[in-house]
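A short write-up of the structure that comes next.
The values are calculated or read from the model by the stated rules, or taken from the named source; none is laboratory data. Predicted model, so just to flag it, every value in this text is computed and none were measured. Using ideal geometry, Cβ is built from the backbone for each residue, glycine included, and neighbour counts are taken over all protein chains shown.
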Amino acid sequence: MSRIQNSAASLSEVHQSVDTTKPRSRWRTLLAFFGPAYLVSVGYMDPGNWATDLAGGSKYGYSLIWVLLMSNLMALLLQSLSARLGIVRNRDLAQANRETYPPVVNFLLYILAEVAIAATDLAEVLGMAIGLQLLTGIPLMWGVGLTVLDTFLLLVLQRYGIRKMEAFIIALVAIVGMSFLVELFISKPQMSEVVKGFVPSLPDEAALYIAIGIIGATVMPHNLYLHSALVQTRKIKKDDAGIKQALKMNFADSAIALNLAFFVNAAILILAATVFHKGGHTEVADITQAHQMLEGLLGSKLAPILFAVALIAAGQSSTVTGTLAGQIVMEGYLRLRINPWLRRLLTRLLAIVPALFVIMIYGESEIGELLVFSQVLLSLQLGFAVIPLIHFVSDKNTMGNFAIGTWTKIAAWIITAILVYLNVRMVFDEVYDLMTGSGGWWVSALVMFLCAGFMALLVITIIYPLMGYRNRDASVNMHTPQLTLGNLDRPIYKRIALALDFSSSDEKVLANALSQGNPDTEYILIHIVESPSARYFGNQSDDHETQKDQEQLDLYLSLLKDRNIKAQGILGYRHRAKSIVRIVQEQQADLLILGGHGHKGIKDWLYGETVNFVRHYVSIPVLVVQ
């Protein structure tokens with residue numbers, strides 16, 4: 001069930017759920033802030049990176065390590081800007097875009113963000129499937145199908161809160177890091193040659209394509225949306241000192257986490273350069289091929305096992321953060337919120353369909369090319385995430401004293417210019433190849449139209465915030481505006497509805513209802529009959545359960561009458577939540593009290609989401625008694 005999200009909080013389920021304001025030691029304060037960047041860092045070492053790192057290392061040796069380093073420095077700056085936006089303005093990037101750009105532009109930016117998330121998930125699906133195949137030998141098609149099952153993982157993790165989720169992700173990152181640390185010890189690279197790879201160079205034109213893929217795999221657009229939301233899971237003091245502390249701690253968190261991601265990416269490239277390039281195998285861009293060759297070239301059975309385990313861990317960690325990014329993008333741009341399992345399932349299916357299509361049509365040999373393409377596709381989306389971000393954190397009207405300085409702004413725009421130039425050049429090359437091919441005039445016309453739209457949207461994204469336009473209704477101040485408390489008279493409820501389930505919790509529901517009422521209040525006792533007969537025949541049902549429920553309801557009414565409490569009882573039938581809503585509206589109740597049983601996740605599918613449904617379809621206050 002979809003619903004409009006009224007709360008402005010990003011990731012409202014865990015918003016400010018980690019309190020950093022409590023007095024504690026400096027070390028424990030630091031640990032309280034650490035976590036968001038590690039969830040972001042998994043996107044920098046997901047299976048899509050492996051394909052580009054393997055391609056770069058096997059074909060060009062160590063010569064593209066500088067691209068990884070440059071990408072990491074870019075990522076550190078951009079992620080720190082993303083964290084700044086979330087900390088200072090309490091807005092994620094999607095929300096800030098919605099407040100600034102016109103609806104049409106916002107919708108296009110939303111579509112591009114969803115494309116980026118789908119491309120990310122495609123890499124995760126393929127990586128997980130390949131890892132399962134390498135470790136167990138199952139067919140790749142089955143592995144792709146099995147990746148649907150990890151839809152349930154996010155539900156389990158969300159149940160235990162953001163800190164447990166962060167701990168889970170950090171454990172997976174540690175598995176990836178330790179696996180490649182052992183791989184490097186086994187391969188024994190020449191460090192003197194590795195150091196030479198930090199000198200910038202592009203051996204040929206093909207290296208540019210791989211370099212763009214590396215950048216796309218490293219600086220990922222969905223991570224900018226993700227980081228700006230995750231930092232808001234920390235409750236901080238909203239004065240200048242508290243914001244400065246949060247910015248400092250989050251920068252340290254980002255620096256450590258992204259350096260770990262750089263180590264993993266560099267380890268993959270160095271491994272490919274040492275094992276494959278040195279051995280004359282310069283065309284290894286396929287993860288499966290790399291795995292198969294490791295044992296023979298290194299003479300170790302442990303190396304390919306670690307490679308597969310790290311691949312599965314990388315894919316599994318990325319799948320969680322990809323879902324969170326999708327939730328942030330959808331809620332921020334559309335103010336639409338859907339159940340996490342449905343969001344996860346839709347995202348995963350969008351990735352599985354093209355993966356299965358490629359495997360069925362072209363075979364497993366083309367999977368490596370599909371992985372590299374997914375990373376280049378990510379790179380194309382970067383400008384549309386980075387440009388608005390720089391505008392937002394540069395705006396003194398909304399950021400106040402925490403707007404970025406001149407030198408930071410210059411560095412950010414230089415990075416953006418490099419990214420946009422590389423993307424435009426790559427698009428031009430691809431368009432030229434298509435137009436000179438044998439696709440026909442209509443292909444050329446379609447390509448030209450799409451390119452024109454791409455460039456127009458890019459120009460609008462750059463220029464529009466400079467024109468001073470804002471969506472005034474959606475804008476928010478950096479600090480809470482000065483408000484008066486107004487009239488705080490206690491509300492008087494004349495008709496209070498109670499949804500009862502004839503369990504021990506009914507006493508608490510009744511007690512809370514009586515505490516909200518007064519001597520003139522009338523209480524409407526509601527119970528929904530859920531027998532098969534009642535579901536089918538409705539109020540025409542007269543089965544044993546319906547009779548017993550009526551007797552129980554009459555007993556409640558009798559006990560209340562003995563206490564001179566005005567009450568009436570109504571039985572509902574068929575759909576529990578819909579019947580409660582209907583009865584409340586028909587009886588014109590002005591307060592509804594429900595019993596909440598505290599179940600969530602998979603149990604919601606089994607027992608239903610009565611409270612969650614009802615509260616969105618009644619226009620009166622709802623009190624949930626746990």
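Given the criteria farther than 26 Å from A229 by Cα, surrounded by 15 or more Cβ atoms within 10 Å (Cβ to Cβ), without any contact (Cβ under 8 Å) to a residue 24 or more places away in the chain and assigned by TED's automatic domain parsing to the domain that holds L226, does L202 qualify?
Spelling it out, L202 is indeed farther than 26 Å from A229 by Cα, surrounded by 15 or more Cβ atoms within 10 Å (Cβ to Cβ), without any contact (Cβ under 8 Å) to a residue 24 or more places away in the chain and assigned by TED's automatic domain parsing to the domain that holds L226.
Quick check on region 52-62. Is at least one of its residues over 30 Å from A290 (Cα atoms) and assigned to a loop (DSSP other than H, G, I, E, B)?
no
Being under 20 Å from G383 (Cα atoms) and crowded, with 24+ Cβ neighbours inside 10 Å narrows it down to one residue among A129, A96; which is it?
A96
Can you name every residue in region 455-472 that is at pLDDT below 80 and aromatic (F, W, Y)?
Hit for region 455-472 is Y469, nothing else.
For region 99-116, which positions are more than 15 Å from the chain's Cα centre (by Cα) and either among the aromatic types (F, W, Y) or over 29 Å from P388 (Cβ atoms) (or both)?
Result: Y101, F107.
Can you name the number of the only condition in (1) modelled with pLDDT under 75; (2) acidic (D, E); (3) assigned by TED's automatic domain parsing to the domain that holds P388 that E13 fails?
(3)
Between A123, A119, which is within 25 Å of G453 (Cα to Cα), buried (at least 22 other Cβ atoms within 10 Å of the Cβ) and either in the same structural domain as A325 (by TED's automatic domain parsing) or within 16 Å of the chain's Cα centre (by Cα) (or both)?
None of the others qualify; the one that does is A119.
Mind listing just one residue for me: the one in region 233-245 that is part of a helix (DSSP H, G or I) and over 22 Å from the mean Cα position of the chain (by Cα) and, of those, surrounded by the fewest Cβ atoms within 10 Å (Cβ to Cβ)?
A241
When region 159-184 is examined, which residues are found to be over 16 Å from P36 (Cβ atoms) and not in a helix (DSSP H, G or I)?
Y160, the sole residue that qualifies.
Go through region 502-521 residue by residue and tally those that are buried (at least 17 other Cβ atoms within 10 Å of the Cβ) and either part of a loop (DSSP other than H, G, I, E, B) or of a type in the set (G, A, S) (or both).
Qualifying residue count, region 502-521: 3.
Could you tell me whether L224 is assigned to a helix (DSSP H, G or I) and over 19 Å from Q95 (Cα atoms)?
Here the answer is no, as L224 does not meet what is asked.
Considering I524, I565, which residue is surrounded by 17 or more Cβ atoms within 10 Å (Cβ to Cβ) and either in a helix (DSSP H, G or I) or in contact with a strand residue (DSSP E or B) (Cβ under 6 Å, 6 or more places away or on another chain) (or both)?
I524
May I ask you to verify whether E114 is among the charged types (D, E, K, R), over 28 Å from Q16 (Cα atoms) and in the same structural domain as A266 (by TED's automatic domain parsing)?
no
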